[in-house]
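The values are calculated or read from the model by the stated rules, or taken from the named source; none is laboratory data. None of these values were measured; they are calculated from a predicted model. FYI the Cβ positions are ideal-geometry reconstructions off the backbone, even for glycines, and counts take in every protein chain you see. Just so you know, the surface numbers come from the protein's heavy atoms only, side chains and all, with ligands and any DNA or RNA stripped out. Shrake-Rupley method; radii C 1.70, N 1.55, O 1.52, S 1.80 Å.
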Amino acid sequence: MPRLTPVTGKTDVPAEHHAAVDTVVKVFGSVRGPRTDPALFDRLHRRHGAAWMVEVTTAVHYFALVAGVANAFEIAPPPDGDRLPA
């Protein structure tokens, strides 16, 4: 399966997009993003199958999206919201 060519820095994009690259790096810490160890991926794929891998990856990234937006805009949880156990 072909992969997208990663953007590894501002030299990979036109100058008018440098501010966007700076923002992504600041928010995510790395333009390349986190990667799963290939051995771990293979072990999970063999055990659970492709559909499970897609589902768990989607769930993790959805949580990261919501948490990232809440963090970027410093959104506090509601005072009467659910509490994590101590």
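The label point for V24 and the one for L65, both projected 7 Å from the Cα toward the Cβ, are 1.6 nm apart. Sorting D80, D37 on solvent-accessible area from highest to lowest, probe radius 1.4 Å, gives D80, D37. In this label model, A39 and K10 are separated by 3.9 nm, measuring between points 7 Å along each Cα→Cβ vector.
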